[in-house]
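Worksheet: the structure to be examined is printed underneath.
Every number in this text was worked out from the coordinates using simple rules, so none of it is lab data. Keep in mind it's a predicted model, so treat the numbers as computed, not measured. Methodologically, a virtual Cβ is constructed for each residue, glycine included, from the backbone with ideal geometry; neighbour enumeration extends over all protein chains shown.
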Amino acid sequence: FDHTKVTVIFVLGGPGAGKGTQCSLLVQDFGFCHLSAGDLLRAEQHREGSQFGTLIQNCIKEGTIVPMEVTVKLLENAMAAAIKEEKGKDGWRDGRGRFLIDGFPRQMDQAIKFDEDVCLASTVLFFSTTEEVMLGRLLERGKTSGREDDNVESIKKRFNTYNQTTMPVIKHYEALGKVVQIDSSETVEQVHSHSKAAVQKILD
Ligand code: UP5
Ligand code: MG
């Protein structure tokens, strides 16, 4: 696809910060195509004939990062498919495709590869709150989510990877002046009103 004809916003923040929840609301406001790297990996894990099923399952349970080639390829394919489908529809406005890329990049090598091979993101929406809040939300969700990583052991490992590996990515984009930080400790509606205003500013 034509890389100059897409607007990409990365959505980052710790496990359970509310990335997916806020992305869904922003899709309703602005008609983005929302791609969650974690959701794409979980779909690939369960796809019949995938050679990466076991690898992905192990990484997700251990809270470690799946090798970047796998994730970048899944995102690139999903973007190309969306562009093919969406032209003329909501995610496609003024000749541009708009993407919210949720939960990616979470390691520096992924960020560099995506920048080089796919396109540059215009902004990073960074949802931040405390580990206490995130833990509470994930344990609550774990009662019904069926996610293999919504248990205390996996959550602690996810926090660790987030602090060690993903925070440096956020710092990198911060140095480039691309980060908009939003406190996601408040209610879904309150966080949404801040997110909506921030995205409106980006698109203006
Ligand atoms: N909730 C949300 N907002 C709330 C609010 N304001 N007040 C009260 N409750 C709120 O929300 C989590 C829960 O909290 C929900 O029950 C929600 O209702 C409630 P959600 O919006 O789902 O939060 P999110 O930030 O999306 O949390 P998620 O668990 O999806 O974050 P992770 O970043 O941990 O998960 P992800 O799916 O992105 O990645 C999973 C794994 O995949 C990673 O650990 C890694 O192993 C792998 N991965 C890679 O290897 N590479 C990648 O590039 C991406 C992922
Ligand atoms: Mg999510």
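Between ARG141 and GLN164, the simple spin-label model (points 7 angstrom out along Cα→Cβ) gives 2.2 nm. Counted by Cβ distance under 13 Å from LYS113, the other residues give a net charge of -4, where Lys and Arg count +1 and Asp and Glu count -1.
Computed over the chain with a Gaussian network model linking Cα atoms closer than 10 Å, the most mobile of LYS143, LYS113, LYS178 is LYS143. Scan around CYS33 for amide H atoms under 5 Å from its own, H built in the peptide plane at 1.01 Å from N, and keep only partners 5 or more places away or cross-chain. It is ARG98, PHE99, LEU100, by chain and number.
Taking 0.36 nm per residue of separation and subtracting the current Cα-Cα distance, fully stretching the chain between LYS5 and ARG47 would add 12.1 nm. Placing a label point 7 Å from the Cα of THR130 along the Cα-to-Cβ line, the residues of the stretch 168-202 whose backbone N sits under 14 Å from it are 184-186. Once the Cβ-Cβ distance of ILE202 and LYS84 is raised to the sixth power relative to R0 = 22 Å, the FRET efficiency obtained is 0.30. The label-point distance for THR187 and ASP115, in a model that sets each label 7 Å from Cα toward Cβ, rounds to 4.0 nm.
Taking GluC sites (Glu not before Pro) across the stretch 1-99, the ones in a DSSP loop with at most 15 further Cβ atoms lying within 10 angstrom of their Cβ are GLU48. Among ILE56, ILE112, ILE101, the largest mean-square fluctuation in a Gaussian network model of the chain, built with springs joining Cα atoms closer than 10 Å, belongs to ILE112.
If you sort the three axes of the alpha carbon gyration tensor as a ≥ b ≥ c, you get a/c of 1.5 or more for the stretch 14-144 and a/b no higher than b/c, which makes it oblate.
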